Each structure stands twice: as C-alpha cells, then as structure tokens.
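Report on the following structure.
The values are calculated or read from the model by the stated rules, or taken from the named source; none is laboratory data. Keep in mind the model is a prediction, meaning the values are calculated, not measured. All Cβ positions, even for glycine, are placed from backbone atoms using ideal geometry, and neighbour counts span all protein chains on display. The area values use the complete protein model at the heavy-atom level, side chains included, leaving out ligands, DNA and RNA. Shrake-Rupley method; radii C 1.70, N 1.55, O 1.52, S 1.80 Å.
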Amino acid sequence: MTAANPYLLGNYAPVGAEETVTGLPVTGRLPSGLNGRYLRNGPNPVTPPDPATYHWFTGDGMVHGIRIEDGEARWYRNRWVRSAQVATVLGEPPRPGPAIEWMDFAPNTNVIAHAGRTYAIVEAGARPYELTYELGTVGASDFQGTLPGGYTAHPKRDPVTGELHAISYYWAWGNQVQYSVVGVDGKVRRTVDIPVGGPVSIHDMSLTTSYAVIYDLPVVFSLEAAAAGSSFPYRWAEGYESRVGLLPLEGGAEDVVWCDVDPCYVFHPMNAYDEDGAVVVDLVRHPKMFATHLTGPDEGAPVLERWRIDPAGGKVVTQLLDDRPQEFPRVDERTVGRQNRYGYSAALMNDEKDEAGFTMDGALIKHDLVTGASEVRAFQGGAGEAVFVPESPTSGEDEGFVLSLVYDSEREASDLLVLHAQDFTGDPVATVHLPVRVPYGFHGNWASDAT
Ligand SMILES: [Fe+2]
C-alpha cells in the first residue's frame, strides 16, 4: 500500500506545467501605485517523488510571479528553478554558475529582489540561484564571487542601510554557523563564523539596530538519518542546550552574548527591536520540531510569543501573545529591526481528516501588538503568507496593502488578493484571478519596480 503524504495532496500537490498568461482578469481595481512583481517560491518536485519518504522541504523550487503595472495584472508566470538536475529532467543544458557540486539544489523557500537582481534562495548549504525579471534561471550565484558557501532563505534587509543580514548553516561546517552582510552593491562585505552547540538548523534570524539574533535551538543534523537516506536529515535533539545569541552588528564571534531559553523551535520571528538595552522579539514558537513527524513541520500548535532577551544576563523571558495556531508572520518591511505596531500571520488548522497535521487554514490574522487586539479575515480556501506593501514610500505603517495567494477549490485555481491593510476584513481592493493553482508553498515578496 502506498503511504499517503499530505504534502502531495490537495493544494499541496505539485503542478505539472509552466504557464505564461498575459492580461489576467481582475475583480475590483488594482492600486495605480502598485508597480512591480508579487513573487512566491515553493516546493514543486519536477519528478514524482516517493510518497513514503517525500519531505515537503526538499521539493524542487518553483517560483510564481504576477506582474502588476498601471492598474493591470500584466502576466502570470511559474518557472522551475533550473538546478543541474531540474534542467536535465526538463531536457535543457545545465546553467553556468558556481553551484556547489554536492549541494546543488533548486532553491524552494524564498524569492527576493536585491541590487537589481532576483534570487531564489534556500538554506542548508545550497547556493542562491539568480533569476531573470521574467523568472527564467540565469544560474547559481555566489553574489559576484563574494559568498563563501551556501546562504539562507531568510535574510533581513535593514530598511535604512538596504543591506541584507543573514545567518547561514550547513552540516559540513560542523559546530558553527555563518553571519553575513550583503551590501547594496549585491556583494558580501562581511562574514563572521560563529561557534554553536552542534550542526544545527537555523531557519531564520532577527535583526535590530544593535544586534543580529542567532537561534541555537535543538534541531540538529542527524548522521543516522542521513545514513538512512533521509532527504532532510535534521532531527529534534533531546537534551541539546537551547539558547539565543546576540551578536553586536559590527562585532566578532567572541562578542556574542548567549541567553538560555526553554527547548522549542522557531522557524520565523515576526520582528525584533532594541528596548532599554535588551532585545524584544515577537515570533512563532513550535513546542518541538522533527521529533516524530518526519515529512514536514508538525509537532503541536505553533503560537505567537514575545521574547525579551537581555544581554545583561538571565534566561530569556517569554510571554504568550496569541495561542491560535499560526505561522508565516510578516510586518511592514520598513519596520524591520524597529518597533512595529502591526503584524500579519496565516492561521493554521489541524486537519485530522487526511492526517495532514497543521495545514493552511482559510484565514489571515492581523495583530495590533500595542493594544493586543487582532482581526481575522476568513477565506473559503487556504490562504498563504501575507505580504505588506506600503501605498507609497512615505506612507505610515499599515497605510498600504496586504497581498496573499488564496486557493479557490471550486475553480481549482488561485487568486491574488489585494486587501487594504486598514480595512482588513472589508471588501478586497482587488482580486487577480490566476488561470491555475499555486500550490501551498513557502515565502514571497513584493518586488517593487522602484527599487
Ligand atoms: Fe521560512
């Protein structure tokens, strides 16, 4: 009997074709100032995987893009990222570029625009891949010869300097991770190798105006799992010392201050900022990760917490902000590293019917972190990560739009919803109707034409 794998069913199922569709139908009116691309990356295996062993994190990356200009939805494109293997399967020659031979992979986790280029990115030792404006693959990238190894799926852009800060990990580096800063010229200007407790998996980081925050938590490379052929051989490590590190932004590894925290796992912080010498982080905390469920993230309800990390000493102080299961927290990117008032997350539900565990719910949550209030916007289909786009560069926090891909199961296709952030539960400003499904995936961003 073939084992069911929830990450290959319903709207998690990969799509089999690349599409190019121009002149998309729109309900409502797209804001005239919204000129750029909505980009989203996610796993979409180019060859059918074995359902018994397929891990959601390991499917070949497919980037989806919707081009919006002058109030029109000009095009939708979806393209596999051409790693050497994907190119071969598609009958194409491999692209040139500095791929790392043993770690060549089609990045499937995030897609960003930086220094005039577009990159599909992923963690765990693989290079970024550069894409064209229309999502064709240029090739593997080491940021013009400046990136020593692999990168991360979650760089944080300082909204003042424009630089990208990142924590990268790779099991072959042993018990260390690497902090890097990519300048506005697209080149790495600085790296710091930081000793950690093991060959740990660090999915994301936080940035404040003073520190880079390092999450040294108990998900660690497992030689046993690798030897058994696991495609994502990272496991919960019982007894691993859980801690969070504060690296002063221009400091070295010896300057990191470590603070203990109760064992848990964090994929995604919402935002972080300095307060009275300490760092405050709002984040989504999972009680464990990859302890019993080995095909995707599902070890109990992920909840929104506030952590206060004080470099003057002591354990991290945690506070529950919202116990509803949720993930993919985002903010107005202009507040990264500074105190924000609003945040947006995707609600999750525990779908016991198909043993999918925590899966996309049909709701987005808008949090007011000052008053503690929240608004929930429900949809008929599952909603993806919310991406905030300011109305103009000078508009205030929350003065803009929230974009999210929502699956319409009746149409078996997806819509790009454009909500007004200040009318979160009201009628959408616009709905762009895509001709096809966009499978549930990971992260996206608005790539403005202005930057
Ligand atoms: Fe992520």
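Descriptive notes on the structure:
- Any hit, the stretch 223-242, residues being within 16 Å of the ligand (Cβ to nearest atom) and over 15 Å from ALA291 (Cα atoms): no
- Those residues of the stretch 153-167 which are of a type in the set (Gly, Ala, Ser) and touching a Lys or Arg at 6+ places or on another chain (Cβ under 8 Å), in sequence order: ALA166
- Summed over the stretch 114-130, the residues that are of a type in the set (Ser, Thr, Tyr) and farther than 20 Å from ALA450 by Cα give a count of 1.
- Those strands (runs of 3 or more DSSP E) of the stretch 1-72 in which 2 or more residues are within 20 Å of the chain's Cα centre (by Cα) and within 23 Å of THR137 (Cβ to Cβ) occupy 36-43, 61-69.
- In the stretch 142-156, the residues that are of a type in the set (S, T, N, Q) and surrounded by 24 or more Cβ atoms within 10 Å (Cβ to Cβ): THR152
- The stretch 316-344 - residue that is away from the ligand (no atom under 16 Å from the Cβ) and open to solvent by less than 20 Å² (accessible area, probe 1.4 Å) and, of those, nearest to ARG243 (Cα to Cα): VAL316
- Subset of the stretch 88-144 [away from the ligand (no atom under 16 Å from the Cβ) and without any contact (Cβ under 8 Å) to a residue 40 or more places away in the chain]: THR88, GLY91, GLU92, PRO93, PRO94, GLU101, TRP102, ASP104, ARG127, GLU130, THR132
- Elements of the type strands (runs of 3 or more DSSP E) sitting completely within the stretch 254-315 and holding at least 1 residues that are modelled with pLDDT of 95 or more and within 16 Å of the ligand (Cβ to nearest atom): these cover 265-275, 278-286, 303-309.
- Scanning the stretch 96-121 for residues that are at pLDDT 95 or above and touching a helix residue (DSSP H, G or I) at 6+ places or on another chain (Cβ under 9 Å) returns ASP104, PHE105, ALA106, ASN108, THR109.
- Flag for VAL370 being modelled with pLDDT of 95 or more, of a type in the set (Val, Ile, Thr) and part of a strand (DSSP E or B): no
- Verdict on ARG67 being free of Cβ contacts under 8 Å to residues at least 40 places away in the same chain and crowded, with 21+ Cβ neighbours inside 10 Å: yes
- Those strands (runs of 3 or more DSSP E) of the stretch 163-244 in which 1 or more residues are over 21 Å from the mean Cα position of the chain (by Cα) and surrounded by fewer than 21 Cβ atoms within 10 Å (Cβ to Cβ) occupy 176-182, 188-195.
- For the stretch 185-225, the set of residues classified as of a type in the set (Asp, Glu) and touching a helix residue (DSSP H, G or I) at 6+ places or on another chain (Cβ under 8 Å) consists of ASP193 only.
- Residues considered: THR47, THR53, THR27, THR20. Of these, the only one that is in contact with a helix residue (DSSP H, G or I) (Cβ under 8 Å, 6 or more places away or on another chain), open to solvent by 60 Å² or more (accessible area, probe 1.4 Å) and touching a residue at least 40 places away in the same chain (Cβ under 8 Å) is THR47.
- VAL402 in a strand (DSSP E or B), more than 16 Å from the ligand (Cβ to nearest atom), out of contact with any Cys (no Cβ under 7 Å at 6 or more places or on another chain) and at pLDDT 95 or above: yes
- Selection status of ARG157, touching an Asp or Glu at 6+ places or on another chain (Cβ under 7 Å), at pLDDT 95 or above and either among the aromatic types (Phe, Trp, Tyr) or closer than 25 Å to PRO93 by Cα (or both): no
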